[in-house]
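The values are calculated or read from the model by the stated rules, or taken from the named source; none is laboratory data. None of these values were measured; they are calculated from a predicted model. A quick note on method: Cβ atoms are made from the backbone with ideal geometry, for glycine too, and the neighbour counts reach across all protein chains shown.
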Amino acid sequence: MSRHSLSAALLIASLCAGKQASAHHSAVMFDMSHISIIQGTVKDFQWTNPHSWLLIEVAAADGATSTWSFEAGPPTILMRMGVKKADFVAGEKVAVHAWAMKDGMPAGLLQSVVRADGSTINVAALERTDKDAAQ
């Protein structure tokens, strides 16, 4: 096989693999028409592959609490974005900005986290705003 043929074959294979990988990462279960803001307390941050997870405890008006789970990217991507596992401290009060689940389950796709001091941790792999959804 010539170098030219090998290069063409590798290019075609990489294009096919890219389509398959993007198909795997569907966001159809999230309501991407607007970003929801959920206030709570960090319970845990799971620095895992293929997705990291932020769990927060959310208090209802009656005092009952529920755990919300927010999906984020893998550690390698988060590290490239400047995010560290130590950025999420159990017990810290936060406001989570996320695309919530369409079915109402207490979960979503994490976009950013605002701490009590006003600093923001941006973990959005996809950039989309409410304005984008309206178009």
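Summary of values
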quantity: So residue 72, is it over 15 Å from residue 37 (Cβ atoms), touching a strand residue (DSSP E or B) at 6+ places or on another chain (Cβ under 6 Å), in contact (Cβ under 8 Å) with a residue 12 or more places away in the chain and exposed (fewer than 14 other Cβ atoms within 10 Å of the Cβ); calculated: no
quantity: Residues being modelled with pLDDT of 90 or more and more than 17 Å from the chain's Cα centre (by Cα) - total across segment 116-135; calculated: 4
quantity: Condition met for residue 123 (closer than 22 Å to residue 33 by Cα and touching a helix residue (DSSP H, G or I) at 6+ places or on another chain (Cβ under 8 Å)); calculated: yes
quantity: Near pairs, Cβ below 8 angstrom, 6+ apart or cross-chain, from segment 90-102 (at negative phi) to any residue that is of a type in the set (Lys, Arg) and assigned to a strand (DSSP E or B); calculated: 90/43; 92/115; 93/115; 94/115
quantity: Verdict on residue 40 being outside any strand (DSSP E or B) and at pLDDT 95 or above; calculated: no
quantity: Test set (1) at pLDDT 95 or above; (2) out of contact with any Ser or Thr (no Cβ under 7 Å at 6 or more places or on another chain) - residue 81 fails condition number; calculated: (1)
quantity: Residue check for residue 71: assigned to a strand (DSSP E or B) and either under 13 Å from the mean Cα position of the chain (by Cα) or at pLDDT below 90 (or both); calculated: yes
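Every residue, every condition in (1) part of a loop (DSSP other than H, G, I, E, B); (2) among the hydroxyl-bearing types (Ser, Thr, Tyr); (3) within 12 Å of the chain's Cα centre (by Cα), yes or no:
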residue: 53; (1), (2), (3): no, no, yes
residue: 56; (1), (2), (3): no, no, no
residue: 77; (1), (2), (3): no, no, yes
residue: 82; (1), (2), (3): yes, no, no
residue: 100; (1), (2), (3): no, no, yes
